[in-house]
Amino acid sequence: MATVNPAFDQLLKKGDLIESPSEMTPEYLRELKHTLLVSGDTELISAPAYYLAAQRAPSINAFMTGIAIIQDELAHAHIAYHILEELGEDQEKLIFSRDPKSFRYPYAFDVPLATWTELIVANLFYDQAGFCLLGDIHEECSYGPWKRGLNKVMLEENFHLRNGRTWAKRMAQAGGATKEELQTAVDWMFPLTVEWFGLPDSIKTHSTQLDYRLKGKTNDQLRQWWLSLVVPYCEEVGIKVPAHKEGDAYVLDYPFPCTFDAEGKRWDFDDPCSWDDVLVRWRARGPRNAEMVAGLQEEFHRFRKAHVDA
Amino acid sequence: MPVNIVDLGIVYGVRRRDARVTVDLTFTAMGCPAADFIIDDVRERLLREPGVADVVVNVVWDPPWTAARMTRAGREALEMWGLAV
């Protein structure tokens with residue numbers, strides 16, 4: 001345990017829910033806020049990330065589906081930031097006054113989703129990753145208000161997965177150039193989502209989030225859960241993915257981690273790298289980070305200057 | 001959603017003539033983001049019925065759907081799911 005507070009630790013061990021800041025230790029509060037911030041930032045940034053591609057929808061109804069997914073993501077972000085506000089954070093400052101590099105969302109969203117096909121693969125892979133991460137928090141979370149909010153979030157995430165799976169199957173069955181475009185998107189987005197779950201357990205040997213029951217599964221357990229959901233589906237519909245099952249576990253068919261060229265959307269499986277290299281890439285953020293955060297923040301400040309502060 | 005489309009009240013009519021089934025279907029909103037999925041599901045499910053070779057889905061807007069068109073079972077299912085109806 002990261003705290004030295006036997007009564008609080010006992011409460012957590014018993015499986016009780018924490019309901020208000022007055023019950024928390026400062027360490028628990030800090031870890032809860034960090035976990036909520038990652039969740040809120042991830043949901044929020046998925047909106048501009050998905051919107052770029054949703055505009056390229058191949059039909060009006062597909063466009064509506066894309067927009068509805070974005071609306072869900074904004075609502076899910078709103079829940080996380082709202083709870084942060086209840087915990088004493090300033091929601092406006094968090095969203096509109098933070099440096100782009102300090103946003104805590106997976107690197108994958110920084111790589112542009114430029115086509116409808118890439119949005120579909122994002123629904124197939126990224127939303128499935130979100131489903132695993134949030135599903136685990138929903139199951140285990142020791143903070144009552146967030147756990148209850150996630151009841152609804154989880155139901156809505158199913159719709160995003162459905163969009164990914166339905167369209168991916170349709171595109172794979174279409175064959176030809178459509179299937180090739182789908183496979184090209186899968187080729188760069190699959191390893192990017194594998195990486196999403198973070199450092200392997202062999203390196204990250206201790207998690208305060210696990211101690212505090214802010215999640216229940218380790219990084220590798222979450223990664224395996226995700227693989228067990230996406231690999232069989234991809235194989236079933238005829239999409240190739242660089243992973244296979246050995247015994248009870250899924251094994252990657254490439255060195256993990258390895259080098260990624262974000263501009264070219266290409267992995268070099270012949271160039272393994274270290275996790276330190278990956279951390280350097282993550283911290284530097286990817287191509288769309290500054291632009292997406294600026295897009296969210298600029299209008300807020302312009303409007304405020306013109307209409308509120310005037 | 002944990003409710004079938006009959007209890008949701010969006011199926012306005014089903015007619016069968018030989019191997020063809022025609023369904024009159026509406027949506028709870030014109031902007032229903034799941035419209036394509038629902039139409040695909042209706043078609044796919046009916047084609048699994050013996051003797052059905054062709055499915056025509058007519059999307060209709062008159063009369064407009066309201067919550068009053070839900071069955072009691074549909075209402076209860078949505079309330080269980082957390083929707084006020």
(request) Determine which single condition B:Asp7 fails, assuming it passes every other condition in (1) modelled with pLDDT under 95; (2) surrounded by 13 or more Cβ atoms within 10 Å (Cβ to Cβ); (3) charged (D, E, K, R). (result) (1)
(message) Which pairs turn up if I take residues in the stretch A:11-32 that are touching a residue at least 24 places away in the same chain (Cβ under 8 Å) and look for partners that are part of a helix (DSSP H, G or I) and surrounded by fewer than 16 Cβ atoms within 10 Å (Cβ to Cβ) with beta carbon separation below 7 Å, at least 6 apart in sequence or on another chain?
(response) A:Leu17/A:Gly144; A:Ile18/A:Gly144; A:Glu19/A:Gly144; A:Leu29/A:Pro21
(message) Here is a check on your reading of the model: is A:Phe256 loosely packed, with under 14 Cβ neighbours inside 10 Å and touching a residue at least 12 places away in the same chain (Cβ under 8 Å)?
(response) no
(request) Write out, first by first residue and then by second, each pair whose Cβ atoms fall under 7 Å of each other, whose residues are 6+ apart or on separate chains, and whose first residue, in the stretch B:36-65, is touching a residue at least 12 places away in the same chain (Cβ under 8 Å) and under 16 Å from B:Leu8 (Cβ atoms) while the second is among the aromatic types (Phe, Trp, Tyr) and assigned to a loop (DSSP other than H, G, I, E, B). (result) B:Trp65/B:Phe27
(message) If a residue must be surrounded by fewer than 12 Cβ atoms within 10 Å (Cβ to Cβ) and of a type in the set (S, T, N, Q), how many such residues does the stretch A:259-306 contain?
(response) 1
(message) Just to be sure I understand, how many residues within the stretch A:198-221 are more than 19 Å from A:Ala80 (Cβ to Cβ), part of a loop (DSSP other than H, G, I, E, B) and not acidic (Asp, Glu)?
(response) 10
(request) Search the stretch B:67-85 for residues being within 14 Å of chain A (Cβ to nearest Cβ) and at pLDDT 85 or above, and hand back the single one that is nearest to B:Phe27 (Cα to Cα). (result) B:Leu78
(message) Checking the condition within 30 Å of A:Glu27 (Cβ to Cβ) and of a type in the set (D, E, K, R), which residue from A:Lys179, A:Lys240, A:Lys215, A:Lys245 passes?
(response) A:Lys215
(request) Might you check whether a residue that is in contact with a Gly (Cβ under 8 Å, 6 or more places away or on another chain), under 30 Å from B:Asp40 (Cα atoms) and either touching a residue at least 40 places away in the same chain (Cβ under 8 Å) or charged (D, E, K, R) (or both) occurs anywhere in the stretch A:126-141? (result) yes
(request) Only residues that are over 20 Å from A:Tyr107 (Cα atoms) and aliphatic (A, V, I, L, M): list them for the stretch A:195-228, please. (result) A:Leu210, A:Leu214
(request) Answer yes or no: is there a residue in the stretch B:49-56 that is at pLDDT below 95, closer than 22 Å to A:Ala62 by Cβ and either surrounded by 15 or more Cβ atoms within 10 Å (Cβ to Cβ) or among the acidic types (Asp, Glu) (or both). (result) no
(message) Against the condition within 26 Å of A:Asn123 (Cβ to Cβ) and in contact (Cβ under 8 Å) with a residue 24 or more places away in the chain, how does A:Trp282 come out, does it pass?
(response) yes
(request) Consider A:Ala114 carefully, then state whether it is out of contact with any His (no Cβ under 8 Å at 6 or more places or on another chain), surrounded by fewer than 15 Cβ atoms within 10 Å (Cβ to Cβ) and of a type in the set (A, V, I, L, M, F, W, C). (result) yes
(message) With the requirement that a residue be more than 10 Å from chain B (Cβ to nearest Cβ), under 30 Å from A:Ala57 (Cβ atoms) and surrounded by fewer than 22 Cβ atoms within 10 Å (Cβ to Cβ), what does the stretch A:141-156 give you?
(response) A:Gly149, A:Leu150, A:Met154, A:Glu156
(request) Working carefully through the options A:Arg304, A:Arg281, find the one that is in contact with a helix residue (DSSP H, G or I) (Cβ under 8 Å, 6 or more places away or on another chain) and in a helix (DSSP H, G or I). (result) A:Arg281
(message) Take A:Ala68 and tell me if it is within 14 Å of chain B (Cβ to nearest Cβ), within 26 Å of the chain's Cα centre (by Cα), under 27 Å from A:Ile95 (Cα atoms) and hydrophobic (A, V, I, L, M, F, W, C).
(response) yes
(message) Within the stretch A:163-182, does at least one residue satisfy the condition of being more than 14 Å from chain B (Cβ to nearest Cβ), farther than 16 Å from A:Ala54 by Cβ and within 23 Å of the chain's Cα centre (by Cα)?
(response) yes
(request) Filter the stretch B:33-48 for residues that are buried (at least 16 other Cβ atoms within 10 Å of the Cβ), within 8 Å of chain A (Cβ to nearest Cβ) and within 12 Å of the chain's Cα centre (by Cα) and give the result. (result) B:Ala34, B:Ala35, B:Asp36, B:Phe37
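The values are calculated or read from the model by the stated rules, or taken from the named source; none is laboratory data. Because the structure is a prediction, the values reported are computed rather than measured. When we count neighbours, we look across all protein chains shown, and the Cβ atoms used for this are built from the backbone with ideal geometry, even at glycine.
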